[in-house]
Amino acid sequence: MSKFIIVKEAPLELLRQEMVITMPDFKDEVIAELKRAPLEKYTNSGILKRIIQKISDNWDNSFNPITGVPYGRYEGLEFHNSADLSKIIMQIVRNHHPETIRAYIKALIKKRPLNTIVIYFVGPIEYANTFIQEGITELQENEVEKELGAKAKGIKTRVGITPPEA
């Protein structure tokens, strides 16, 4: 059975039975939109709606991106690259539909490998209830090695998990 622990930063090396879930940045959706409109340097309602619509389609169909966001508040914000625009998008999602972030985390939890014992969550505590709702209990820092036990001799793997394909 999987358990999770909230950490400030992900471990550098992971065992086969461990994984990392981080807060979303929705960069894939942002990059896809910037390829369509590469000359944009200021936010406008059109580009924001298209990105939020892609996020809604990929992660949370319960969110109506057309009526759920007052786009006028976010028009005219300057961005220099996809990371800047991603921060703006995250601000919109956090302010107007934080359930999308929970849906993202929930999707990664459901797509975890079957042999996962410990999930490291790099994010704020207010999203930890998503793990509990999925039946995953919280670990304390001193319990991680005990939980992994003899299995801690497994093969090291890469850090993190990539979001599932939409």
Quiz prompt | Nonlocal amide H pairs with Phe4, under 5 Å, H built at 1.01 Å | solution = Ile119, Thr137, Glu138, Leu139
Quiz item: Pick from Ile21, Ile105, Ile125: which residue has the top mean-square fluctuation in a GNM of the chain where Cα pairs under 10 Å get a spring?
Solution: Ile125
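Assuming 0.36 nm per residue, please report the length gained on full extension of the stretch Asp57 to Arg73 beyond their Cα-Cα distance. Don't skip to the end; give the middle numbers.
On the way: separation 16, 0.36 × 16 = 5.76 nm, distance 2.27 nm.
So the extension gain works out to 3.5 nm.
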Quiz item: Calculated from the structure, semi-axes √(5λ) of the Cα gyration tensor in Å equals which of [x] 73, 20, 9; [y] 42, 36, 16; [z] 34, 16, 13?
Solution: [z]
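When DSSP assigns beta bridges and you keep just the ones with both residues in the chain, what percent turn out antiparallel, to the nearest 5? Can you show the working numbers first?
On the way: 3 of 15 bridges.
Restricted to the chain, the bridges split so that about 20 percent are antiparallel.
If I stretch the segment between Ile132 and Asn115 completely, what's the gain in nm (0.36 nm per residue apart, minus their alpha carbon distance), one decimal?
On the way: separation 17, 0.36 × 17 = 6.12 nm, distance 1.84 nm.
That works out to 4.3 nm of additional length.
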Quiz item: Spin-label point model (7 Å from Cα, Cβ direction): what's the Asn64 to Arg50 distance in nm?
Solution: 2.4 nm
Self-check item: Expected 222 nm ellipticity per residue - DSSP helices of 4 or more, -39500 (n - 2.57), all of the chain, to 500
Solution: -11000 deg cm²/dmol
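Read-outs: derived from the displayed coordinates by stated rules, not from any lab. Note that the structure is predicted; figures quoted are calculated from it, not measured. Positions of Cβ are generated from backbone atoms using ideal geometry, with glycine treated the same way; all protein chains shown enter the neighbour counts.
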